[in-house]
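Some notes on the structure that comes next.
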Amino acid sequence: MTTIAPGATIGIFGGGQLGRMIALAAAQLGYRTHIYAPEASGPAADVSASWTRGEYADVEALAAFATSVDVVTYEFENIDPAAVEVLATHGLVRPGAQALRVAQDRLAEKRFVAALGGLTAPFAPVEDLDDLEQAIEQVGSRAILKTNRMGYDGKGQARLNEPGDAVGAWNAIGRQSAILEGFVTFAEEFSVILVRGADGMIHFWDSAANVHVNGILATSTTPAGALIEGQMEQARALAKQVADALDYVGVLTLEFFASADGPVFNEMAPRVHNSGHWTIEGAVTSQFENHVRAISGLPLGDTGLAAVRVEMTNLIGDDADRWQAILSDPANHLHLYGKHEARPGRKMGHVTRLTL
Ligand code: AMP
């Protein structure tokens, strides 16, 4: 098993807040980080030694980047898997291209999980308006149309309530390759976050209850309560199957709806996740540190809880302007991502509170 010893350089695709928090954890363990992103700068720039500005489709620049670092990982999954395969010939990429291929395409992701026996919302592929009309017959008209690619935080999605909503929804998502999902009735949402080492060893963090507002994560709280805890084992078993099938190395997140029929898989992210930010203070080892440990081939840290109760609240848009009031309560751990402009819906930071 390859070990990337402290002192080496970790390459990260994407320069947002997840890259920033991976870089901070890497620095704690004595690694340097080098970001590759299409933007000139970003939240990760403040805490990384190097930044290369390049497009995700620029195979030559990607290859040069891959050879200049000791291992490559990502905070953003919409990178061309073909480019990642090229990179893998120049160096070590963790997680690998197969995880990207599955996780960046909603249809591929749902098919993959359904084939493993996981429960999903009823779904059908949509390439044009005729498909959409057929899909409505199949999954029902109470549904959500989602673009297959590049959707996040509720973007690229349109709700349907009746068959007459088809044209409006198709236009709303920009008439592109999509999936129609039947609307799932659920009581609560949660995620399973695991870390898988290069030796195949898996550790899970406790599942937090996630509350979304306008499609964006608002809070994650653990313990998650009886309903979610009752479904955690089944959800974890599925997550383990997914991680093993992808021969995954690093942190992997699967999001679920806790429904009357059991855990319904919604989507996965081949990376650290917003619903795991509570682990920075709330777990013995954070998702960021264990991601760095896993991709470097180091032993993994304990994922157990460090508090009786942990609550993470996202600071969206101008919520972050309240930083003084937040800091006036000494129990609050404030994280700001250093973004210069607070647009509505933009994740600017988060606050974590522990009950010890
Ligand atoms: P997503 O981008 O797929 O994570 O969706 C964002 C949020 O929309 C989810 O966290 C749910 O709250 C809601 N949602 C997404 N898909 C469905 C579905 N099939 N049924 C009901 N609610 C959904």
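Along the stretch 198-215, what does the Karplus equation 6.51 cos²θ - 1.76 cosθ + 1.60 (θ = phi - 60°) give for ³J(HN,Hα), rounded to whole Hz, x for Gly and Pro?
5, 8, x, 6, 10, 10, 10, 8, 4, 7, 9, 7, 9, 10, 9, 10, 6, x
How long are the semi-axes of the ellipsoid equivalent to the stretch 122-182, from square roots of 5 times the Cα gyration tensor eigenvalues, in whole Å, largest first? Write down the numbers at each step before the final one.
On the way: eigenvalues 48, 24, 23 Å².
One finds semi-axes of 16, 11, 11 Å for the stretch 122-182.
How large, in percent, is the carbon and sulfur part of the accessible surface of the stretch 1-128 at a probe radius of 1.4 Å? Please list the in-between numbers first.
Numbers: 2650 of 5070 Å².
Carbon-and-sulfur percentage of accessible area, whole number: 52.
Tell me which GluC sites (Glu not before Pro) from the stretch 100-205 have a DSSP coil assignment and no more than 16 other beta carbons within 10 Å of their own. Please report the intermediate quantities before stating the final value.
Values: sites: Glu109, Glu127, Glu133, Glu137, Glu181, Glu188, Glu189; in loops: Glu127.
Those that pass, being in a loop and sparsely packed, are Glu127.
Would you grab the residues whose amide H sits under 5 Å from the one on Glu267? Only those 5+ places off in sequence or on another chain, please, with H modelled 1.01 Å from N.
Glu255
Need one word for the stretch 188-355: rounded, prolate or oblate. Basis is the Cα gyration tensor (sqrt eigenvalues a ≥ b ≥ c); a/c below 1.5 gives rounded, then a/b vs b/c decides. Intermediate results must be reported in sequence, preceding the final value.
Values: a/c = 1.72, a/b = 1.41, b/c = 1.22.
It comes out prolate by the Cα gyration axes.
So with the 1.4 Å probe, I'd like the accessible area per residue for the stretch 9-93, rounded to whole Å². Write out the running numbers ahead of the final one.
On the way: 3250 Å² over 85 residues.
Ligands and nucleic acids excluded, the result is 38 Å² per residue.
Which of the GluC sites (Glu not before Pro) across the stretch 1-64 are loop residues per DSSP, with 15 or fewer other Cβ within 10 Å?
Working: sites: Glu39, Glu55, Glu60; in loops: Glu39, Glu55.
Listed in order of number, the matching sites are Glu39, Glu55.
Just how far, in whole angstrom, is the stretch 1-67 from the stretch 290-355 if you go by their alpha carbon centroids?
Value for the Cα centre distance between the two parts: 21 Å.
Could you pull the Rg and Dmax for the chain, using just the Cα atoms, both in Å?
19.9, 60
Of all accessible surface on the stretch 188-355 at a 1.4 Å probe, what whole percent is carbon and sulfur?
In the stretch 188-355, the share of accessible area belonging to carbon and sulfur is 50 percent.
Whole-Hz Karplus ³J(HN,Hα) for the stretch 341-348, in order, using 6.51 cos²θ - 1.76 cosθ + 1.60 and θ = phi - 60°, x for Gly and Pro?
10, 8, 7, x, x, 8, 6, 9
Helix-only mean residue ellipticity at 222 nm, the chain, DSSP H runs n ≥ 4 weighted -39,500 (n - 2.57), per residue, nearest 500. What is it? Before the final figure, lay out each step's value.
Values: 11 runs with 106 residues, N = 356.
It comes out at -8500 deg cm²/dmol, rounded to the nearest 500.
Could you give the nm distance between label points at Lys155 and Leu356, where each point is 7 Å from its Cα heading toward the beta carbon?
4.0 nm
Classify the stretch 85-227 as rounded, prolate or oblate, taking a ≥ b ≥ c as the square roots of the eigenvalues of its Cα gyration tensor: rounded when a/c is under 1.5, otherwise prolate if a/b is larger than b/c and oblate if not. Write out the running numbers ahead of the final one.
On the way: a/c = 2.14, a/b = 1.35, b/c = 1.59.
Cα axes put the stretch 85-227 in the oblate bin.
Just to confirm, what accessible area per residue do you get for the stretch 193-242 at 1.4 Å probe, in whole Å²? Walk me through the intermediate numbers first.
Numbers: 2070 Å² over 50 residues.
Heavy-atom SASA per residue in the stretch 193-242 reads 41 Å².
Among Ala57, Ala325, Ala26, which one shows the highest mean-square fluctuation when the chain is modelled as a Gaussian network with alpha-carbon springs under 10 Å?
Ala325
With a 10 Å cut-off between alpha carbons and a GNM built on the chain, which of Ala237, Ala294, Ala226 moves the most?
Taking springs between Cα atoms under 10 Å, the residue moving most is Ala226.
Using a cut-off of 27 Å between alpha-carbon atoms, which lysines can reach Lys347, once sequence neighbours fewer than 8 places away in the same chain are excluded?
Lys110, Lys146, Lys155, Lys339
Amide H to amide H under 5 Å from Asn148: which residues, 5+ apart in sequence or cross-chain, H placed 1.01 Å off N in plane?
Amide H to amide H, under 5 Å and 5 or more residues apart or across chains, Asn148 pairs with Ala178, Ile179.
The values are calculated or read from the model by the stated rules, or taken from the named source; none is laboratory data. In this text the structure is predicted, and so the values were computed from the model without any measurement. All Cβ positions, even for glycine, are placed from backbone atoms using ideal geometry, and neighbour counts span all protein chains on display. Each accessible area value is taken on the protein alone, full model and side chains, heavy atoms only, with ligands, DNA and RNA left out. Shrake-Rupley method; radii C 1.70, N 1.55, O 1.52, S 1.80 Å.
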